[in-house]
Each structure stands twice: as C-alpha cells, then as structure tokens.
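Visitor: Before we start, here is the structure in question, set down as structure tokens.
The values are calculated or read from the model by the stated rules, or taken from the named source; none is laboratory data. Note that this is a predicted model, so its numbers are computed, not measured. Don't worry about glycine lacking a Cβ; one is built from the backbone with ideal geometry, like all the others, and counts go over all protein chains shown. Surface areas here come from the heavy atoms of the whole protein model, side chains and all, with no ligands, DNA or RNA. Shrake-Rupley method; radii C 1.70, N 1.55, O 1.52, S 1.80 Å.
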Amino acid sequence: MTTEAGPHNSEAAFDRIADALATLGYVVLTDCLPVALGEALRQRLIPALGSLQQAGIGRGRQHTLAAAIRTDTLRWLLPDSPAEFGYLAWMEQLRLGLNRRLLLGLFDYEAHFAVYAAGGHYHQHLDAFQGGTNRVLSTVFYLNPHWSPADCGELRIHAATGDALLATVMPEFGTLVLFLSASFPHEVAITHRPRYSIAGWFRGR
Ligand code: OGA
Ligand code: MN
C-alpha cells in the first residue's frame, strides 16, 4: 500500500499523487486536508444525521434501493457552508492539478456525506459501470476520530482481475483515498461503529 503523509495541496504533493495514480491507480493519503476543515465537515454532518436519504444502486429508471448491497444513508455536498465549500474548493484544486499532469480529463466533481450505522456495509462493487455516470476517479475522505481495528468497517480495495487484496484502509479521521473508478472492485466491511465519510467522484465529459 502507498501511504503519503503531510500537507498535500501543493504542487509537490500533486506530483506525488499523480505518480501514484499513474503507476498504481490508487493512493491512500493521511492528514492531507486541514484538520479544522475535517472537523468542520464532521460538525456539518452530525446535525443532519436524522434527515439523510437512503442510498440506492444505479441511475434514473435503473435506480433501486438495495439495502442488501449497501446500507449507507447520504446527503450530497453543496457549496452552501464554509466547510462544504472548503472541501469542494480543495477538490477543485486537486482536479486542476491532476489534469495538468495526467490525461484523465477530469471535468467535474460530485460528493456526498455517507453514514453507515453499526452493522452496515457495502458489498464489493465498481464505481463506474456500463452506461453509467462517467465516473473516472473516486475519492473517499473519512471523518472518524480514534478508529480502532476492532471497529472494523475498513475499505478493502481489490485488484481488477483475480481477487488479490491491494489495500485495507481504516476510515480514520483525515484519511483520503483516491482510486480509478473503473479499475478497482472495492467493499466496505461490516462496521461495528457508526462510520462517517465523504464519498466523491471526479467525472469525465
Ligand atoms: C462508495 C464506496 C467506500 C468507503 O460510496 O461507493 O465505495 O470506504 N465507499 O466508504
Ligand atoms: Mn464505491
């Protein structure tokens, strides 16, 4: 697993992220967004916990609620608070930085808060599917202070072919994962504790 530590919204950091995506297709970053921003995002989510929407599978007429496959509830981010604006602005910097370095053609970004209650999970899946949403690069940012291995709920990233496990990521506060949306089957293992995150996707045209 490739883990990069330190502040990452700098040109040198974008170099390292781009290198990892070009060679491996995924990267796990720790402490790359300001701690205060992560804390503000967490404080945006907590009061909204009672009014989240059930997650579904597929788009448009294909859309179904599928609690057997995924159990998370969600709310889409809007740039209507300093916290959400700050997160989306950081991702915009990353989008521009990656477009200068790679040929991914990242065009826009969408993201939602996600909450998995204790016992929740998300079966193995790909984020980009046939006739789908044009998702190119997936992001997951975690909002859970003091996560311990006993809490489970880890993200498991698998190789595109075969079933090799490439990375196991604990959803610890401040960790950001990036991976190519169409290349890596991944899953959220059953969590033993409520699990907060922001899942997002850079899309092509
Ligand atoms: C997703 C997803 C992973 C995670 O929302 O599509 O795979 O670790 N999330 O929350
Ligand atoms: Mn996913």
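Visitor: With a ≥ b ≥ c taken as the square roots of the eigenvalues of the C-alpha gyration tensor of the range 75-200, please select rounded if a/c is under 1.5 and otherwise prolate if a/b is larger than b/c or oblate if it is not?
Guide: Oblate, since a/c reaches 1.5 and b/c is not below a/b.
Visitor: Short version: ³J(HN,Hα) in whole Hz for each residue of the range 148-157, in order, from phi by Karplus 6.51 cos²θ - 1.76 cosθ + 1.60 (θ = phi - 60°), x for Gly and Pro, what are they?
Guide: 10, x, 5, 6, 6, x, 6, 7, 10, 9
Visitor: Oh, and also: Nearest 0.05, what FRET efficiency do Arg100 and Ala40 give at R0 = 35 Å with Cβ-Cβ as r? Mind dumping the intermediate values first?
Guide: Working: r = 28 Å, r/R0 = 0.81.
Computed FRET efficiency for Arg100 and Ala40: 0.80.
Visitor: With every protein chain kept in place and ligands, DNA and RNA left out, what is the accessible area per residue of the chain? Probe 1.4 Å, answer in Å². Mind showing how you got there, number by number?
Guide: Values: 9570 Å² over 205 residues.
I get 47 Å² per residue for this part.
Visitor: Sketch the reach of a paramagnetic label on Phe107 as a point 7 Å from Cα along Cα-to-Cβ, and name the residues of the range 137-168 whose backbone nitrogen lies under 15 Å away.
Guide: Counting only backbone N, you get 137.
Visitor: Next question, about the same structure. Given +1 on the Cβ of Lys and Arg, -1 on the Cβ of Asp and Glu, and no further charges, what dipole in debye does the chain carry about its Cα centre, rounded to the nearest 20?
Guide: Using Cβ point charges on Lys, Arg, Asp and Glu, the chain gives about 540 debye.
Visitor: Another one. Taking 0.36 nm per residue of sequence separation and subtracting the Cα-Cα distance, how much length would be gained by fully extending the chain between Gln93 and Arg205, in nm to one decimal?
Guide: So the chain would gain 38.5 nm between Gln93 and Arg205.
Visitor: Under 8 Å for C-alpha pairs, at least 6 residues apart: give me the relative contact order for the chain, rounded to a whole percent.
Guide: With pairs under 8 Å counted, the relative contact order is 26 percent.
Visitor: Among DSSP beta bridges whose residues both lie in the chain, state the antiparallel percentage, nearest 5. Could you put the intermediate results ahead of the total?
Guide: Numbers: 44 of 48 bridges.
Taking every DSSP beta bridge within the chain, about 90 percent pair in antiparallel fashion.
Visitor: Separate question: What does the charge count around Arg156 come to, taking other residues whose C-beta lies under 11 Å from its C-beta (Lys +1, Arg +1, Asp -1, Glu -1)?
Guide: Cβ neighbours under 11 Å give a net charge of -3.
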